[in-house]
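Notes to accompany the following structure.
Read the figures in this text as sums done on the coordinates, not as results from a lab. Not measured: the values here are computed from a predicted model. Methodologically, a virtual Cβ is constructed for each residue, glycine included, from the backbone with ideal geometry; neighbour enumeration extends over all protein chains shown.
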Amino acid sequence: MEQDDLEEMKLMRETKSTKKTDNSSFQEGLSSHTLPDDEKKDSMSSLMGFSGFGKKARQFDINEMMAVAKRRVADAYEEKRKIRDDLDVDADDETLYVTMPSCNETPSDNIRVSQIEKAKDDDSDDEDNLEDDAEDGIASIVPCSHEISLGHGAKTVSALSLDTSGARLISGGHDYDIKFWDFNAMGTSMSAFRNIQPCGCHQIRSLEYSSSGDTILVCSGNAQAKILDRDGFEAMECIKGDQYLFDMAKTKGHVSMLNCGCWHPKDREKFMTCGDDGTVRLWDVNTPKKNINVLKTKSAQGKKAIPTHCAYSKDAKYIIAGVQNGTIHVWDTRKAFVHPTFLMKNCHANGSDISCLKFSYDNQTFVSRGGDDSMKLWDLRSYKKPVNVALNLPNAFLTTSCFYSPDEKLIGTGTSVKKGQGEGKLVFFEKSTFNKVMEFSVADSSVVNCLWHPKINQLFVGCGNGEIKVFFDPQKSRRGAITCISKAKKKSESREMILPPRIITPHALPMFRQNQGGATMKKVKDKQRADPVKSRKPETPLAGAGKGGRVASGLSLSQFVSKNLAVKNLDDSNPRESILRHAKEAAENPFWVSPAYAKTQPRTILVEEENEDDEEEDASQAKKLKLS
C-alpha cells in the first residue's frame, strides 16, 4: 500500500510539471503572435459583430493624484490668505489695527510687539528644550497677533465690561464719561454710539453688565450706585444713607464714595457694592430704598477698615472683600453675616489697596492683585499662606485688574509705569506653577483694566492715556472687533458745489460779457437781490386805480368798488350844480320822496329862514334870564 501511494504522488508531480510547461509554451506562442490594439479591435469586431464588452477599466496614476491634491491645498491656502488680507487696509488709508509679529521674532524699534520671556542658553540640555516647547504651546493660546485702538478720552480708562455675547462694550474713566461701543454697527469709524455722564463729576470706579446683558451696574466716586438699561438710560438709583449715624448697619445705604460693585452670578436682580464707609452692602433691584444686608469690614483692633474690592464666587456661595489694610474677608452666604467665615491676614502690605479679586471655576481658589506690586494665588482649603506668588508687578491704580484665560491655564495682569518712563505691559503666568509665560508691551502708559472674553476670545485693555486696546487673532478669535474692521469703508459723499467754468471774453459786448470776479460778494448779493427774477420778489401794488387784477395801495375792497364802479362818471368839482341839474326831472317825474307824501302832504312845505334880528333878540333875552 505504501508503494502504491508513492507511485501515485510521483504521477501527480509529473502531471503538474507537464501542465506548467504546456502553459508556458502556450503563453510564449501568444506573446510571439500578439497583435496591436487596433488590429485586435478590428478582428474582434469582424468575428463577433461588436466592438467590445463595455467601457475600458479606468486607470489611476497615484503620482498625478498626489500632485492634484497638492495644487488644491495650495489654492485653498491662497484663498484663506486673501481673506485675511482683506481685513488689512491699503497703504494710502489710515490703518485700523497693528499686525504684531510672532513671539519668536525679535521686536523692532518702531512697533510694539508681543514677546515671550524665556531663557535661551546654548548649553541647555534636552529637558530645557522640552520645557521651552511646552511654554511655547501655552503662550500660543493668547490671541495677540492683531491690535485695534479705540479712543475713550484723554484720561485713564478705569472700567471695562462686555456683555455675554461680546457684541457691546462699555468703558468708563476718570473723565466721568461712560461710552457705549457696538461692534456690529460700528464699522471702520471706530467711534462710540453714545457718551453719557450719569454720575456727574465723579470718577467711574466699576462697570458690569448683568448676566442677561440688559442692565448695567455703575459705581463711581458718588455714594449712590446706579442701574442703567442697555441704551444708557437710568433705571434705578440706590438710596444714600444717613451720614450722622455711628452704626453703619443702621443706615439704609452707603454714606461715602463707592469703590467696587458686581452682580450676583445667578440672580439677575441682586448686586453688591462696597465703599469707604467700611461696609459691603447687598441690594435688590426691586427695593432700591434700602439694602438687604450689611457686611462690616473691621481691622484686628475692631476699628473700621475700608474695602477696596468685592466679588462673588462662581456658585455664589462665598462673598470676598479685599480691605485696605491688606487683609481679605470671606463670608459664607449660607451662614449669618455676623463675622467673616475666613479672615486672611497679611495677604498684602498694610496700606496697599487690593485692586482685584477673581474666583476660579472650582470656587475654592482665587487670585488677588495688590498695591504692593504683587499678585497671589490663594486656596480656601489652606488659606494661611498663598499657593503661588508673583512679584515685581508695579500697580499704581485702585482698579488694576487681573483675569483668567478661558481654560484657566493662564493668569494675566497689567503693569503700571510713570509718565514718560516706560511702557505698560500685559504679563501672563501659568496657573499651576506661576512661571512667567509671556509678556508684551501695550502702550506708552499704564495698563489699568483688562479682561479676556471667553466667547469671542479677544483681549480688551484700558490704558492710562485714555485708549482701549483690543487684541485678537483672526484664526482664533471670532466676531467682536473683527466684525467692524471687516466691513467695507463707506465712501463719503461729495457735498461741494461744482462751479461752472468761466469764459473770459474781454472784447465782447456788455450784454454778452460775464462777470470777471472783480466785484465783491456783497455787491453780487445786492445785485441778485435787486433782480426780481432771481430774488423771487412779489409784485408790488399799483399806486393808481390798478389794473390787471392788482389793487392800488391804501384802499380796501369796498372803497375800490365804490370808487371805480358807483361814481365812475361823476365830476366832484361842483357838487351843487351836479345835484340841481336833476331838480327839473325830479319835479316833473318824482320817484323817491314825492310819491310817499302824495296823499298826506301833496304840497311841499319847506322851513322858512329866520331873520338875523330875531336871532339877536332871542340871544339877548337869554342873557337877561341868566343874569337875573
Within a Cβ distance under 14 Å of residue 374, other residues only, what is the Lys/Arg minus Asp/Glu net charge?
+1
About the Cα centre, charge dipole magnitude for the range 160-254 (Lys/Arg +1, Asp/Glu -1 at Cβ), debye:
140
Length released on extending from residue 339 to residue 244, taking residue separation times 0.36 nm less the Cα-Cα span:
31.7 nm
Given a Förster distance of 22 angstrom, what is the FRET efficiency for residue 578 paired with residue 604, based on the Cβ-Cβ distance and rounded to 0.05?
0.50
Check: the range 397-453 dipole with +1 on Lys, Arg Cβ and -1 on Asp, Glu Cβ, in debye:
160
Solution diffusion estimate, µm²/s, Stokes-Einstein, the range 406-461, Kirkwood Rh from C-alpha pairs, 37 °C, viscosity 0.692 mPa s
274
Listing 331, 592 by rising number of other beta-carbon atoms within 10 angstrom, fewest first, gives 592, 331
For the pair residue 62/residue 234, report the inter-label distance in nm, with labels modelled 7 Å from Cα in the Cβ direction.
7.9
Out-of-range pairs (alpha-carbon distance over 31 Å; input 179/455; 155/252; 266/289)
155/252
Ranked by Cβ crowding within 10 angstrom, fewest neighbours first, how are 208, 64 ordered?
64, 208
Going through the range 239-277, which chymotrypsin sites (Phe, Trp or Tyr not before Pro) have at most 11 other Cβ atoms within 10 Å and a DSSP loop state?
244, 246
